[in-house]
Amino acid sequence: MAASANIVILGAGVAGLTTALLLSRRGNHNITIIAKHMPGDYDIEYTSPWAGANFMPFSAGGSRAASWDAVTFKELWRLAERVPEAGIHVQDAVIYTREKDSTSSEFFNDLLLRSPWFKDLVPDFQVIPQTELPPGVAHGTRWKSVCINAPVYLSYLASQCLKAGITIRRGNVKHISEAASLHSSGQPADIVVNCTGLGAHKLGGVSDKAVYPARGQIVLVRNTAPAMYTTSGTDDGDEDVMYIMMRAAGGGTVLGGSYQKGNWESQPDMNLAQRIMRRAIEWCPELVKAGQGVEGLDVVRHGVGLRPVRTGGPRVEREVIGGLKVVHNYGAGGFGYQASYGMSEETVKLVEDSLGIQARL
Ligand code: FAD
């Protein structure tokens, strides 16, 4: 006999949609997704559409985050190879550690290492021969990764949820207990899964002040890049970062970026945009025709997204709030896609534990 419960998922970003989809595969659950923002929306309160997004692990070897990344990579790779409508493709990842930056940092963890924990997970991992490194680069690695066309992938996830019989509705709740009354059956939900991202900062009943934004500004261009590039730093201060990734299926190339902690500003800073474009061409001249500079970039849009960072790491845990069973899945910061399956699988287990469901299907 399959397990059955009335479940509300609050949030329709990559966390909410992935959790809903995985839950739908575990029983005859009656699932309703409630969210203020949906795939197709572009809003500063909705992070997921702004992401690159690629698989570029910032997790430390042996950590919980590394196990989430490992689980997720396998699924994203499968989707890239076998499910074209998901909007994910395989690209080379090139990571450069500049001579002027340290070999590792709290932010990058293992990503800059010559022998990171994920070297046997990703195909074709290699340390780039010294003779092939650009000037000023101490060392680098090259390996196969995936790049997700975030808007296409969010729509794909939503379609998969609809196909699985999940109800998707708009709703803007002030307190998490309200979510329990919004189940499509009209009955109170047995459990609410909180996937509100940065919204957890002000959601009543949760009000998690450990969650804060790390502002990411990007430039989306029509130009193409031969690989995805990431550098260990820039000459423009600690809040500027450099990355380039070409999305699948005509999604354009994302030039990044910034990592501005505690900054809630929704509007693009055009000085920062100039720095982003200049740096991108420095590291990947193939973006433009020979001799061209920033004027050779064909801009689709400037964008800003707020990564939902959480002091102490993401919150994937159970809680009972005013008698309501809740499982949290938020605070993935800059790795919400690349950890999505791992975090959501753990969330599903916590939902089943909360509901006292023993049987695994
Ligand atoms: P969100 O996408 O913000 O979704 C939150 C949902 O909750 C929304 O539907 C919202 O409407 C809803 N909600 C919130 N509060 C309420 C409420 N009170 N009532 C109803 N609904 C509510 N990650 C990667 O893995 N790889 C990358 O390459 C990558 N690049 C990035 C680049 C940039 C510039 C940025 C900004 C982020 C990047 N990220 C990347 C991080 C990734 O985008 C996030 O970790 C992820 O999108 C977070 O998803 P989420 O579902 O938790 O939150």
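A viscosity of 1.002 mPa s and a temperature of 20 °C, combined with the Kirkwood radius over C-alpha pairs in the Stokes-Einstein formula, give the chain a diffusion coefficient of 103 µm²/s. Once both labels are positioned 7 Å from their Cα atoms along Cα-to-Cβ, the gap between ASP353 and GLN187 label points is 2.5 nm.
The string of couplings for segment 166-171 from the Karplus curve (6.51, -1.76, 1.60, θ = phi - 60°) is 7, 8, 10, 9, 6, x Hz, one whole number per residue in order, with x for Gly and Pro. On the beta carbon distance between PHE125 and ASN172, with R0 = 45 Å, the FRET formula returns roughly 0.50. Label positions at SER266 and LYS100, each projected 7 Å from the Cα along the C-beta direction, are separated by 3.6 nm. Rounded to two decimals, the Cα-based Rg/Rh of segment 194-240, with Kirkwood Rh, is 1.16. Computed about the Cα centre, the dipole magnitude for the chain is approximately 780 debye when only Lys and Arg (+1) and Asp and Glu (-1) carry charge, each at its Cβ. Its Cα gyration tensor gives segment 271-348 an equivalent ellipsoid. The semi-axes, each the square root of 5 times an eigenvalue, are 42, 13, 10 Å from largest down.
Take the Cα of TYR42, go 7 Å toward its beta carbon, and the backbone nitrogen atoms of segment 210-231 under 17 Å from that spot belong to 216-223. In this Cβ point-charge picture (+1 for Lys and Arg, -1 for Asp and Glu), segment 293-361 has a dipole of about 200 debye about its Cα centre. Solvent-accessible surface (1.4 Å probe) assigned to GLU282 amounts to roughly 110 Å².
Max-minus-min Cα coordinates of segment 126-170 on each principal axis give 55, 19, 12 Å, with the largest extent listed first. The number of Lys pairs in the chain with C-alpha atoms less than 25 Å apart, excluding pairs fewer than 8 positions apart on the same chain, is 22. The phi torsions of segment 185-195, fed into the Karplus equation with coefficients 6.51, -1.76 and 1.60 and a -60° offset, translate into couplings of 6, x, 8, x, 5, 6, 7, 10, 9, 8, 10 Hz, rounded to whole numbers, with Gly and Pro shown as x. Taking all C-alpha pairs of segment 169-211, those more than 13 Å from each other amount to 53 percent. Considering all projection directions equally, how large on average is the shadow of the alpha-carbon convex hull of segment 208-262, in square nanometres? Value for segment 208-262: 5.1 nm².
Using only the C-alpha atoms, the convex hull of segment 64-139 corresponds to 113 Å³ per residue.
Each 5 Å bin from zero up to the one holding the largest Cα-Cα distance in segment 1-154 carries the following percent of pairs: 2, 8, 14, 16, 16, 16, 12, 8, 4, 2, 1, 1, 0. With a Förster radius of 30 Å applied to the beta-carbon distance between LYS209 and SER63, the computed FRET efficiency rounds to 0.80. Full extension of the chain segment joining ALA227 with ARG278 gains 16.6 nm, where the gain is 0.36 nm per residue of separation less the Cα-Cα distance.
The values are calculated or read from the model by the stated rules, or taken from the named source; none is laboratory data. Quick caveat: nothing in here was measured; it's all calculated off a predicted structure. Counting neighbours? That spans all protein chains shown, and the Cβs are built from the backbone with ideal geometry, glycine included. Only protein heavy atoms, including side chains, enter the accessible area calculation; ligands, DNA and RNA are left aside. Shrake-Rupley method; radii C 1.70, N 1.55, O 1.52, S 1.80 Å.
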